[in-house]
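The values are calculated or read from the model by the stated rules, or taken from the named source; none is laboratory data. Note that the coordinates shown come from a computational prediction; the quantities given were computed from them, not determined experimentally. Here the Cβ positions follow ideal geometry from the backbone for every residue, glycine too, while neighbour counts run over all protein chains shown.
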Ligand SMILES: Cc1cc2nc3c(=O)[nH]c(=O)nc-3n(C[C@H](O)[C@H](O)[C@H](O)COP(=O)(O)OP(=O)(O)OC[C@H]3O[C@@H](n4cnc5c(N)ncnc54)[C@H](O)[C@@H]3O)c2cc1C
């Protein structure tokens, strides 16, 4: 068995990787620096992902998707992120946090209603879990949905929502899947999932968040739900039953965020190795010097270890299943820091050239940091791993 058995277990996975890699070289790479600088999401490019089948990559074929697995999702994120992590984050928020969530938690009528335009790219979707006062402490969310006949009245704010705003003018996304309290005591609230659509009164962009360190090619916004009347038909699943939805989707979110770090690490390593071979100092290529070799050697070994862990976790993750918290937390915990460290070493090896945009690694370096925060902070992963090991024992024999 080789690493390729994990990273491309079937010919379909290899075809997917080849297709995404070719698309990235032709279309994603050339626009990445410009969109980062302008803090602008590339909507036309995003729509092209629909034609490639990537926007519904994990949606069953019966529902109009590509019907692929978690490994395919990891491949797509790794390849896209090697060129443009910011754009990839917007893709992830749409295809994993919104579309995959709908595909695995909505009923048949809801899927027919929302999935086709999300899968084609005509509509952009987002997912609202975090709030201004509750991130890691997700059960501390304050957004509340109160039943009112065949509607719910929803009030609250969702913070840091990728794709929440579609542009600089404050146009909200077409659709946001979000979590809200529908009852229960403060310390153990019942959580339900809803879909709010653009145009519903009371649904608006509070603020587009500017001047982010990285991931600037994706829009991030605070979203406001102000006495928003949402039809009961827009609730996914039974009232109060959404913690399971959330946990299931979070596992795929962590895994695909880890895949983004693989893309960042891989690209940074490639840039570092080429530069170290080409650049001369003291009459020798940089790659001759032991301290530079250490940057390269450690980066390669850490990247390969993370690749094996991320793809092995993907192989075991059932999109309809539960119970993959331990290793999705573990994979993201090590991969996010690997991506950050490899980008940092690449910048160090490139010296002053590494510090400017043209040489790519400074953008990767800025983007890499988010992956230690978004989709769960490193401390949250550590907390979950410690709990799961003490409750569930060790996963080896
Ligand atoms: C660019 C970007 C895009 C994002 N996109 C989305 C999105 O699309 N949808 C969405 O819902 N959210 C999104 N988020 C939010 C993201 O998931 C949260 O920022 C993250 O979960 C952390 O929450 P917080 O920022 O409120 O920090 P907090 O939870 O307040 O944490 C602050 C610090 O305290 C630490 N901490 C908190 N609790 C504990 C504890 N029990 N033990 C030890 N340390 C602890 C944290 O680890 C961290 O270091 C995004 C964030 C960013 C920056």
Any idea which residue in the stretch 364-397 is nearest to the ligand (Cβ to nearest atom), counting only those that are modelled with pLDDT under 95 and part of a helix (DSSP H, G or I)? 391
Could you say which residue among 314, 346 is outside the structural domain of residue 37 (by TED's automatic domain parsing), more than 30 Å from residue 69 (Cα to Cα) and crowded, with 24+ Cβ neighbours inside 10 Å? 346
Part of a helix (DSSP H, G or I), within 16 Å of the ligand (Cβ to nearest atom) and buried (at least 23 other Cβ atoms within 10 Å of the Cβ): does that describe residue 102? yes
Per the filter on the stretch 158-169, residues modelled with pLDDT of 95 or more and more than 8 Å from the ligand (Cβ to nearest atom) are 165
Hey, does the stretch 44-65 have a residue that's within 16 Å of the ligand (Cβ to nearest atom), at pLDDT 95 or above and part of a helix (DSSP H, G or I)? yes
Residues in the stretch 322-333: is at least one in contact with a helix residue (DSSP H, G or I) (Cβ under 7 Å, 6 or more places away or on another chain) and not in a helix (DSSP H, G or I)? yes
Which of the following residues is away from the ligand (no atom under 12 Å from the Cβ) and in contact with a helix residue (DSSP H, G or I) (Cβ under 6 Å, 6 or more places away or on another chain): 155, 120? 120
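For the stretch 127-142, how many residues meet the condition of being assigned to a strand (DSSP E or B) and within 7 Å of the ligand (Cβ to nearest atom)? Let's see the steps before the verdict.
Pass one, the stretch 127-142, residues assigned to a strand (DSSP E or B): 127-128, 131, 134.
With within 7 Å of the ligand (Cβ to nearest atom) added as a condition, the list becomes 127-128, 134.
Going through the stretch 127-142 one residue at a time, the tally reaches 3.
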Provide a single number: the residues in the stretch 172-224 that are closer than 26 Å to residue 366 by Cβ and modelled with pLDDT under 95. 0
